[in-house]
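Presented below is the structure to which this report refers.
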Amino acid sequence: MKLINLNDYRENKYFSAGIKKAPCYGEDGVILKIFREIGVSDSPFCIEFGELRSLGTTTRAFRLEYCAGAIYFSGTLDLRSRVLNILDILKVCIFKKSLKFLKFFRDMPFQAWISVHNTMKFLPDRIPSSVDLLVVDIDSFDFEVVKNILEGGIRPTVFVVEYNPSLGSEQAIFLSEHASKKHYANKRIYGASYKAWLTLFSSHDYKLVHISGFCNLFFVKREFASIFQKPDIEEEITNTNDKVWHFINSWCLPGFVPTWLGSPRIGIEELECFTAMKSL
């Protein structure tokens with residue numbers, strides 16, 4: 001059996017489903033292909049940390065394809081965002097020619113400041129027994145949040161996390177919540193390295209199936225991973241400007257540039273901001 005290379009299914013299908021175009025990285029097609037292969041639960045459901053739009057950047061294709069329920073957390077959520085969310089849902093009803101998407105009003109994003117200590121506080125009483133898709137993208141101490149989720153017994157079928165390509169592929173390091181409270185001039189100081197994520201998820205029976213440019217790693221439960229081709233980090237990691245621009249020009253909205261692109265490479269002294277991952 002030929003293994004599925006999810007790079008072949010990159011497509012920005014729903015980036016304009018809302019009132020305002022949303023960020024896109026070719027992930028709509030990847031999400032759709034994964035779930036078409038492995039199936040969804042009886043009551044499709046997703047969670048996204050760090051999202052203030054009713055149609056989350058990474059989860060939107062899943063929501064729209066399966067009219068899925070959701071929980072979205074955001075550290076900030078102003079009046080403008082709330083209004084845009086209402087308009088997004090109304091537009092989706094027109095776009096999909098169905099009023100069933102009005103159910104999205106039950107799952108509007110809400111403001112919550114997540115910390116290492118309160119991660120699980122917002123989840124157990126609010127989620128169904130099965131979670132299809134969970135995304136964490138808070139551009140900060142994501143590693144500790146995800147570790148708490150996994151150790152708390154929440155095991156989504158698909159788990160998507162942001163990695164920091166500026167940290168390379170050899171070191172298992174991450175930015176702790178304590179370190180994230182400091183101000184860093186270099187915007188490349190955030191998140192966790194590829195190897196840190198790979199080590200953590202491997203210890204919880206997940207397999208890596210897709211690398212989305214300079215942003216996300218897609219993990220699936222081990223029992224579903226055998227049909228997908230394992231991505232090669234050395235080919236996919238956007239650790240040069242040429243590779244970053246190639247991904248931008250291929251899959252991102254016109255004019256989009258990562259906030260860290262103009263920042264200097266992380267130096268040896270700056271690496272001390274990160275915590276080395278302990279053996280699991």
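Odds and ends about this structure:
- The alpha-carbon atoms of the range 1-90 define a convex hull whose volume equals 95 cubic angstrom per residue.
- Applied to the range 224-235, the Karplus parametrisation 6.51 cos²θ - 1.76 cosθ + 1.60 on θ = phi - 60° returns per-residue 3J(HN,Hα) values of 9, 7, 5, 8, 10, 6, 6, x, 9, 4, 5, 7 Hz, with x for Gly and Pro.
- Cα gyration tensor, the range 197-278 - rounded (a/c under 1.5), prolate or oblate: oblate
- Karplus-derived 3J(HN,Hα), 6.51/-1.76/1.60, for each residue of the range 132-142, Hz, glycine and proline x: 6, 9, 10, 10, 10, 8, 10, 6, 7, 8, 3
- Amide proton proximity set for F228, modelled H, under 5 Å, gap of 5+: I4
- Taking amide H atoms as placed 1.01 Å from N in the peptide plane, the amide H of I47 lies under 5 Å from those of I71, L133, L134, V135, each 5 or more residues away in sequence or on another chain.
- Square roots of 5 times each gyration tensor eigenvalue, C-alpha, the range 6-276, largest first, Å: 28, 20, 20
- Ascending count of other beta-carbon atoms within 10 Å, so fewest first, for D107, D42, D142, D78: D42, D78, D107, D142
- Each residue of the range 10-23 is assigned a 3J(HN,Hα), and the resulting list reads 4, 6, 9, 9, 10, 5, 10, 5, x, 5, 10, 4, 9, x Hz, derived from the Karplus form 6.51 cos²θ - 1.76 cosθ + 1.60 (θ = phi - 60°), x at Gly and Pro.
Bear in mind that the values in this text are calculations on the coordinates, not laboratory data. Given the structure is predicted, the values throughout are model-derived calculations rather than measurements. Note: ideal-geometry Cβ built from the backbone for every residue, glycine included; neighbour counts use all protein chains shown.
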